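See below for the structure under consideration.
Just so you know, all these numbers are worked out from the coordinates, no wet-lab data involved. Being a predicted model, the structure only gives us computed values, none of them experimental. Backbone-built Cβ (ideal geometry, glycine too); neighbour counts: all protein chains shown.
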Amino acid sequence: MRLRAFAILVLAGCVLGACSDERPPESESTAAGSGGAGGMAQGAGGGASSSTGEGGGSNPPMPAPTLTLVSPPPGMAFDRRFVDVDVAYSVPKGGATVRLQRGEEILDERSLDASATMGAARLRLPLSRGAHPFVVTLVLPSGTTTAVETHLHGGRLVAASIDTMYAVRYGAIVQWGGGNPMPAKRDTPAKIVSVAEGGGALFVLDIEGHVFMATTEQPSFEPVAGLDDITALAPGGGHTLFLRADGRVFAAGLNGRGQLGVGDTESHPSIVEVPTTAEIVAIAASDDASFAVDANGLVHAWGSNDEGQLGIGDEDVSPHPTPLIVPNLVDIVDVAAGRDHVLALTTGGGVHAWGLGSSGQIGDGSAGILASRPQPVPLVLPDRVVALGARGNTSYAVLTSGDLLGWGQNSLAHLGVGDTNLRTKPTPCLVGAVRALSAGLTGAVVVDDAGGLQAWGSNASGQLGLPLPPEGPERSNLPVGVPWP
């Protein structure tokens, strides 16, 4: 406990500058044609847009082009530096172009197959902090256009600790649990876009990329010195990773297993930079290991490997203080970590898992003392995945529809599947479509596709927003709606 307290104190620092943000727009997806407004694009599956072209005298009218957002679901929150946007299209004849724009800026563009009149296209959206409205436009050779407008969020909108839940709403933090089941706003710096909890510390990120931290001993948020332009936070058991907008990674906290990645196991009294020549796009931290995805789709891992969590093919008790490449794993875009297990998301929407598997958290159908996997194994899933979550001995995946799957430990109704039986394979959670997720040590919390909060698992401290036991339940194996204050 003294080491953990020291690690948390290491993060405290000098005051950073003021920050600003805009209130995120409501989740919506609209389509517009070149001659006027189109219809609404449909929620999780996207929606077909409409357009108007040129009239043609006595010639029969050409079929109107269509453009549909396939994934990710509108309003989805991501804690990484880019997201792939998939669309489906149909055109009267080939040779069209599809482009992704934010305002007047073209962020990505693809020329479609000249021989194809229907198909799919993928565009890459650079993602920073806060609300990200964007437009995908289909441009025909004639100049006719069809567009779909939607938005995503950069940052973590919810966080779950062992006894308290947190959510971001309009730049502020809402908190409940910890002995008080009533959701209420918490005093924080202005314009918060992301929240994360781990190792007894609560971190928030503002729209300018400044990081602030609070603990039980220091409940008011203080700026973390030595950090700026941060886009993602990844707290572990006693250390934390910070990802900058330029792809550099910084770390602070405990280092007894080499989890800071600086080549030693010594204590460091301030923020350190993880030495890597790769451009990093996503990060995750387990209890005492660290993970980073680079722009080439490779996963870097360092720290403890006693449960095979580094994915290098074996288990050992030696620290690994220098980043290693996880072998036989390519085309990765995101990563999530529990206590001692890891999930990785591929560009095609597949998931690989490795590390500790005693509670079924790997998801390959196994559990028990022989279920750990020291190298990545692919999982069988019903559809493509767009986002991951992990904490403790539980795992989650969000499908392109927004539906949530969970597996692993379930003794406290961790998974929200209607019972407390362990799951060794991905199982539908009974929550419907979600837009943000945080796995906790005793349950989970989500933002659903209507913008509401839902939570499940233990209610011992009021973290479900229900009266404390014995007046209220000890736990719920079904999602419970939590009102916004």
Label point distance in nm, Asp264-Ser142, each placed 7 Å from Cα along Cα→Cβ
7.0
Straight-line reach check, Lys93, cutoff 15 Å on alpha carbons, 8 or more apart in-chain or any other chain, hits among aspartates and glutamates -> Glu54, Asp113
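Once you keep just the Cα pairs under 8 angstrom separated by 6 or more residues, what percentage relative contact order results for region 255-390? Walk me through the numbers before you get to the answer.
Numbers: 373 pairs, mean separation 27.8, N = 136.
Averaging sequence separation for qualifying contacts and normalising by length gives 20 percent for region 255-390.
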Need the C-alpha centroid separation for region 71-129 versus region 143-220, integer Å.
28
Using amide H atoms built in the peptide plane, which far-off residues or other-chain residues are under 5 Å from Phe82 H to H?
Leu127
Exposure proxy ranking, count of Cβ atoms within 10 Å, fewest first, for Val70, Val193, Val482:
Val70, Val482, Val193
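In region 117-204, which chymotrypsin sites (Phe, Trp or Tyr not before Pro) are in a loop and have at most 13 other Cβ atoms within 10 Å, using DSSP for the loop call? List each step's numbers first, then the result.
Working: sites: Phe134, Tyr166, Tyr170, Trp176, Phe203; in loops: Tyr170.
Passing both the DSSP loop test and the Cβ count: Tyr170.
For region 377-485, which chymotrypsin sites (Phe, Trp or Tyr not before Pro) pass both filters: DSSP loop (anything but H, G, I, E, B) and at most 14 other C-beta atoms within 10 Å? Write down the numbers at each step before the final one.
Numbers: sites: Tyr396, Trp407, Trp456; in loops: none.
Sites meeting the loop and neighbour criteria: none at all.
With runs of 4+ DSSP H residues as the only contributors, calculate the mean residue ellipticity of the chain at 222 nm using -39,500 (n - 2.57) per run, divided by the residue total and rounded to the nearest 500. It would help to have the intermediate numbers written out before the result.
Working: 1 runs with 9 residues, N = 485.
Roughly -500 deg cm²/dmol at 222 nm, from the helical runs in the chain.
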Please grab the % of Cα pairs in region 357-485 that end up more than 18 Å from each other.
50
The equivalent-ellipsoid semi-axes of the chain, taken as the square roots of five times the Cα gyration tensor eigenvalues and listed largest first in whole Å, are 38, 24, 23
At 7 Å along Cα-to-Cβ for each site, give me the label-to-label distance between Asp316 and Ala184 in nm.
5.2
What is region 391-450's relative contact order, in percent, from Cα pairs under 8 angstrom and six or more apart in sequence?
32
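What percent do you get for the relative contact order of the chain when only Cα pairs under 8 Å and 6+ apart count?
Values: 1575 pairs, mean separation 57.3, N = 485.
For the chain, the relative contact order is 12 percent.
Expressed as a fraction of 2.2 N^0.38 Å, the rule-of-thumb size for a compact globular protein of N residues, what is the C-alpha radius of gyration of region 70-145? Don't skip to the answer; put the middle values down first.
Details: Rg = 13.1 Å, N = 76, 2.2 N^0.38 = 11.4 Å.
Cα-based Rg divided by the globular estimate yields 1.15.
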